[in-house]
Amino acid sequence: MFHKLKKLWVGMMFVGLILAGIGSSIQAEEAGQEMYRLYNPNSGEHFYTADADEKGNLVRVGWRYEGIGWIAPNKSSTPVYRLYNPNAGDHHYTLDASEKDMLVKKGWRYEGIGWYSDDAKRVPLYRQYNPNAQAGAHNFTTSLEENNHLVSVGWRAEGIGWYAIGEGSAPVSSISRLSTTNNRVVDENGNPFVLKGISTHGLAWFPEIVNQKSFSNFKYDFGLNTVRLAMYTAEYGGYCTGGNRAQLESLIDQGVNLCKELDMYCVIDWHILSDGNPLQHVNEAKQFFQKMAQKYGGLPNIIFEICNEPNGGTTWEQVKQYANQVIPVIRQYSDNLILVRQTQARWF
């Protein structure tokens, strides 16, 4: 009897090990491939790839990373083919071999299998077509809401492109709302935080620096986490000396949005230089920072630099007098970090 029970137990254990192996295999399969979704603001194309290096290279040259589009199975019996149109410069994806062959005959380049569709058909990827676009004519999404919105503005619903094993997710921000403790910058958890950044020159003189490619290079090639937008006040074309304020504020807006997209901190800098004493334009400063704080003060990545480089015979008491007028204006709308700079930075 004991031997029979022993054989039964060993047999059950053997079956259990087999089932455990199958289970772990299924679990590994379920992990799947994260499919990165990117957007080209110049052509309007959405691009999808499982290759993190390819994603990184595209972001460096100006594409916007939009997060994980979906989770694809590691393998299935249904491949999704990837093709490239050398004339329009965009990609197309299909699990239809006949559509792939037809496009190749028309001059598209076949680039191989991009990923796989889920044979169990759990999560649909909806396919839409933009009849007005010359490039980036197709979009694929797991979101029925996004599908319906695009259709409402003129895109054509083309059904289901393929299937995923899981839905995607938006990128997780690394931005923490900063504050100070004992004149030290800290993150939301009270840990010391280092801002590593670069400053533009005067926005009035070199507006072309405010672009997706430059800011992407600052982050991915230089390893920076902060861009300062230098608004000179008194030099030629300065904000307080005849500069086009609408254009200058538009550049601030572009810079803020680029930093937000790239998960970087943005310093809005009121750049004192030849005017020396910040009290010379204190009323303009109050108006400027009221507008900036109202518009951007709710964003955790924004830092206000209210007085950069006071010089000449300007005293710290004069800088303090200026700061005590400007800081309350910002504090009406924002608790974000404020920087006052003389020979050493002061944080508030």
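The values are calculated or read from the model by the stated rules, or taken from the named source; none is laboratory data. What you see is a predicted model; the values in this text were computed from it and never measured. Heads up, the Cβs are rebuilt from the backbone with ideal geometry, glycines too, and the neighbour counts pull from every protein chain shown. Just so you know, the surface numbers come from the protein's heavy atoms only, side chains and all, with ligands and any DNA or RNA stripped out. Shrake-Rupley method; radii C 1.70, N 1.55, O 1.52, S 1.80 Å.
Being in contact (Cβ under 8 Å) with a residue 24 or more places away in the chain and in a loop (DSSP other than H, G, I, E, B) narrows it down to one of Leu251, Leu258, Leu279, Leu273, so name that one.
When all the criteria are applied, what remains is Leu273.
Restricting to segment 296-308, name every residue that is closer than 20 Å to Tyr232 by Cβ and touching a residue at least 40 places away in the same chain (Cβ under 8 Å).
Passing the criteria: Tyr296, Ile302, Ile303, Glu305, Asn308.
As an exercise: evaluate Ser250 against (1) exposed (fewer than 15 other Cβ atoms within 10 Å of the Cβ); (2) modelled with pLDDT under 95 and give the number of the one condition it does not meet.
That leaves (2) as the condition not met.
For segment 124-137: of the residues being in a loop (DSSP other than H, G, I, E, B) and open to solvent by less than 70 Å² (accessible area, probe 1.4 Å), which is nearest to Asp335 (Cα to Cα)?
For segment 124-137, the residue satisfying everything is Gly136.
Out of the residues in segment 163-182 that are crowded, with 17+ Cβ neighbours inside 10 Å and among the small types (Gly, Ala, Ser), which is nearest to Ala72 (Cα to Cα)?
The extreme case among them is Ala164.
Quick test of your reading of the structure: Glu145 fulfils all but one of (1) open to solvent by 60 Å² or more (accessible area, probe 1.4 Å); (2) outside any helix (DSSP H, G or I). Name the failing condition by number.
Single failed check for Glu145: (2).
Go over the candidates Val185, Val227 one by one and state the one that is under 16 Å from the mean Cα position of the chain (by Cα), surrounded by 13 or more Cβ atoms within 10 Å (Cβ to Cβ) and not in a loop (DSSP other than H, G, I, E, B). Outline the logic, then answer.
On the way: Val185 fails: under 16 Å from the mean Cα position of the chain (by Cα).
Val227 is the lone residue from the list that is under 16 Å from the mean Cα position of the chain (by Cα), surrounded by 13 or more Cβ atoms within 10 Å (Cβ to Cβ) and not in a loop (DSSP other than H, G, I, E, B).
When residues of segment 188-217 are filtered for being open to solvent by 30 Å² or more (accessible area, probe 1.4 Å), within 29 Å of Gly67 (Cβ to Cβ) and part of a loop (DSSP other than H, G, I, E, B), how many remain?
Residues in segment 188-217 being open to solvent by 30 Å² or more (accessible area, probe 1.4 Å), within 29 Å of Gly67 (Cβ to Cβ) and part of a loop (DSSP other than H, G, I, E, B): 9 in total.
Check every one of the strands (runs of 3 or more DSSP E) wholly within segment 38-122 and list those with 3 or more residues that are under 23 Å from Asn211 (Cα atoms) and open to solvent by 60 Å² or more (accessible area, probe 1.4 Å).
Working: elements: 46-49, 64-72, 79-85, 90-94, 109-116.
Qualifying strands (runs of 3 or more DSSP E): 64-72.
State the number of residues belonging to segment 152-183 that are in contact (Cβ under 8 Å) with a residue 40 or more places away in the chain, closer than 23 Å to Glu305 by Cβ and not small (Gly, Ala, Ser).
5
So is Gly276 open to solvent by less than 70 Å² (accessible area, probe 1.4 Å), within 29 Å of the chain's Cα centre (by Cα) and small (Gly, Ala, Ser) or not?
Here the answer is no, as Gly276 does not meet what is asked.
Restricting the first residue to segment 329-341 and requiring it to be in a helix (DSSP H, G or I), which pairs with a second residue that is surrounded by fewer than 21 Cβ atoms within 10 Å (Cβ to Cβ) meet a Cβ separation below 6 Å and a spacing of at least six or different chains?
Val329/Lys286; Val329/Gln290
With (1) part of a strand (DSSP E or B); (2) open to solvent by 30 Å² or more (accessible area, probe 1.4 Å) as the list, and Phe140 as the residue in question, which single condition is left unmet?
(2)
Can you name every residue in segment 160-172 that is in contact with a helix residue (DSSP H, G or I) (Cβ under 9 Å, 6 or more places away or on another chain) and assigned to a loop (DSSP other than H, G, I, E, B)?
Residue satisfying the conditions is Ile165 alone.
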